[in-house]
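*Asks:* Structure provided below as structure tokens; questions to follow.
The values are calculated or read from the model by the stated rules, or taken from the named source; none is laboratory data. Just so we're clear, the structure is a prediction, and the values are computed from it rather than from any experiment. Positions of Cβ are backbone-derived with ideal geometry, glycine not excepted, and every protein chain shown enters the neighbour counts. Please note that ligands, DNA and RNA were not included when accessible areas were found on the heavy atoms of the full protein model with its side chains. Shrake-Rupley method; radii C 1.70, N 1.55, O 1.52, S 1.80 Å.
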Amino acid sequence: QVQLVESGGGLVQAGGSLRLSCAASGRAFSNYILGWFRQAPGKEREFVAAISSSYGRTNYPDSVKGRFTISRDNAKNTVYLQMNSLKPEDTAVYYCAADLPRGSWPPRSYAYWGQGTQVTVSS
């Protein structure tokens, strides 16, 4: 069982930066693939980033590639999402997620989810 708690959201102007954190409780954090997703009002949840449990392999959709960076600190049981050059269309609730490797990369689904943190980008 893994519990995830996001933090770091807020209001930022377009072009600015934010760093989201997601602290995990539970055992064997380093064994988990970690992901970030977002959901804007009236839209479906969207994949934002993933980082593997070993070697730190990462994956991003084109919409955030080059602007967002996912990283993990296994000693702190924390995953981060550094967001630069933010745009108004990045406004959403951001969720972190975790799961053990199940063979697909990036994972199609995750077993554990946080409650989300709001990111608002003003124009």
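*Asks:* Suppose we filter 18, 11 for residues that are open to solvent by 50 Å² or more (accessible area, probe 1.4 Å), aliphatic (A, V, I, L, M) and more than 17 Å from residue 114 (Cα to Cα); which single one remains?
*Replies:* Only one candidate passes the filter, namely 11.
*Asks:* May I pose another question? Criterion first (under 18 Å from residue 34 (Cβ atoms) and either open to solvent by less than 50 Å² (accessible area, probe 1.4 Å) or not hydrophobic (A, V, I, L, M, F, W, C) (or both)) does residue 122 satisfy it?
*Replies:* Against the criterion (under 18 Å from residue 34 (Cβ atoms) and either open to solvent by less than 50 Å² (accessible area, probe 1.4 Å) or not hydrophobic (A, V, I, L, M, F, W, C) (or both)), residue 122 does not qualify.
*Asks:* Then there is this: Say whether the condition of being in contact (Cβ under 8 Å) with a residue 60 or more places away in the chain and open to solvent by 30 Å² or more (accessible area, probe 1.4 Å) is met by at least one residue in region 40-59.
*Replies:* Here is the first cut: in region 40-59, the ones in contact (Cβ under 8 Å) with a residue 60 or more places away in the chain are none.
So far as region 40-59 goes, no, none of its residues is in contact (Cβ under 8 Å) with a residue 60 or more places away in the chain and open to solvent by 30 Å² or more (accessible area, probe 1.4 Å).
*Asks:* For residue 73, are the conditions met, namely being of a type in the set (D, E, K, R) and without any contact (Cβ under 8 Å) to a residue 40 or more places away in the chain?
*Replies:* Working: of a type in the set (D, E, K, R): yes; without any contact (Cβ under 8 Å) to a residue 40 or more places away in the chain: yes.
Taking the combined requirement at face value, the residue satisfies it.
*Asks:* Checking the conditions here, which among 93, 79 is within 24 Å of residue 123 (Cα to Cα) and open to solvent by less than 60 Å² (accessible area, probe 1.4 Å)? Please lay out each step first, then the result.
*Replies:* Details: 79 fails: within 24 Å of residue 123 (Cα to Cα).
Sole residue among the options that is within 24 Å of residue 123 (Cα to Cα) and open to solvent by less than 60 Å² (accessible area, probe 1.4 Å): 93.
*Asks:* Something else now. When region 1-20 is examined, which residues are found to be in a strand (DSSP E or B) and either of a type in the set (Lys, Arg) or under 26 Å from residue 102 (Cβ atoms) (or both)? Show your work before the answer.
*Replies:* Step one: list which residues in region 1-20 are in a strand (DSSP E or B), which gives 3-7, 10-13, 18-20.
Hits for region 1-20 are 3, 4, 5, 6, 19, 20.
*Asks:* Also, I was wondering about something else. Out of all the residues in region 74-121, which are part of a loop (DSSP other than H, G, I, E, B) and of a type in the set (Ser, Thr, Tyr)?
*Replies:* Within region 74-121, the first condition is being part of a loop (DSSP other than H, G, I, E, B), and the residues that meet it are 74-77, 84-87, 91, 100-111, 114-116.
Answer for region 74-121, where residues must be part of a loop (DSSP other than H, G, I, E, B) and of a type in the set (Ser, Thr, Tyr): 85, 91, 104, 109, 110.
*Asks:* Taking region 23-67, which residues are of a type in the set (Lys, Arg) and either in a strand (DSSP E or B) or within 15 Å of the chain's Cα centre (by Cα) (or both)?
*Replies:* Within region 23-67, the first condition is being of a type in the set (Lys, Arg), and the residues that meet it are 27, 38, 43, 45, 57, 65, 67.
Within region 23-67, 38, 45, 57, 65, 67 qualify.
*Asks:* Can you tell me which residue is farthest from residue 97 (Cα to Cα) among those in region 21-31 that are open to solvent by less than 40 Å² (accessible area, probe 1.4 Å) and at pLDDT 95 or above?
*Replies:* Going through the qualifying residues, I end up with 21.
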